[in-house]
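All remarks here apply to the structure that follows.
A short reminder: the numbers here are calculations on the coordinates, not readings from a lab. Values in this document were obtained by computation on a predicted structure and should not be read as measured data. Counting neighbours? That spans all protein chains shown, and the Cβs are built from the backbone with ideal geometry, glycine included.
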Amino acid sequence: MRIARFLLGFSGSIFVLLGLLHALYTFLDIGRPRRLVPQDPAVARAMAESQLRLARGGTTMWRAWVGFNFSHSLGAVLFGMLCIGAAVVIGATVVPAWILLLFVLIAVAYLGLSVLYWFRIPTAGIAIATACLLLAWLMYATLGDARLEIIPPCGKSDLCAVSPAPRDGRL
């Protein structure tokens, strides 16, 4: 289960890193736009001068763009932290395998969006993280049933051993 824990933590770290970099680039672009902005300065100026129709004059397209980027960053960081959190508790707590499958599905969604709409660097990172999550889930769900590797809180397995529940649900 150590490899599955490592893979979960590693993939979560990739998402956290990508999310933090995205937030940093967005923050730096507020004062001096040059990273996550249109290459044509006229488009950036037009974004700053155009009201967002949905907001009815409450914000500009540029301000909405900055907000979208920050919220996107927050989502990636939170997802990464969930993966890292799962890596920390697996072994000490039984985590249902469907949670790890859900992580895989979320990562696949991020990967699909990245392939369709983003650029190479995040796509490569997300592809690696998705592969790690898939491997972690496969290992956790098939090779090492979580109920067999419960780490006792006292740390002395012979003094506070936990017997695994039978697979068929009978006691």
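Per 0.36 nm of contour for each residue apart, how much would the distance between PHE119 and LEU24 grow if the chain were fully extended, relative to their Cα-Cα spacing?
On the way: separation 95, 0.36 × 95 = 34.20 nm, distance 1.72 nm.
Value of the extension gain: 32.5 nm.
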Report the convex hull volume per residue for segment 21-133, counting only C-alpha atoms, in Å³.
-> 131
Just grab the label-to-label distance for LEU102 and ILE128, each label 7 Å out from Cα along the Cβ direction, in nm (one decimal).
-> 2.7
Apply the Karplus parameterisation 6.51 cos²θ - 1.76 cosθ + 1.60, with θ equal to phi minus 60°, to every residue of segment 97-113 and state each ³J(HN,Hα) to the nearest whole Hz, in sequence, with x for glycine and proline.
-> 4, 5, 5, 5, 5, 4, 4, 4, 5, 5, 5, 5, 4, 4, 5, x, 4
Report the Stokes-Einstein translational diffusion coefficient (µm² s⁻¹, integer) for segment 16-56, Rh taken as the Kirkwood radius over Cα pairs, at 4 °C with viscosity 1.567 mPa s.
-> 112
Multiply the residue gap between THR93 and LEU74 by 0.36 nm, knock off their C-alpha separation, and tell me the result in nm, one decimal place.
-> 4.2 nm
With each pseudo-label sitting 7 Å past Cα toward Cβ, what's the LEU17-ALA42 distance in nm, one decimal?
-> 3.9
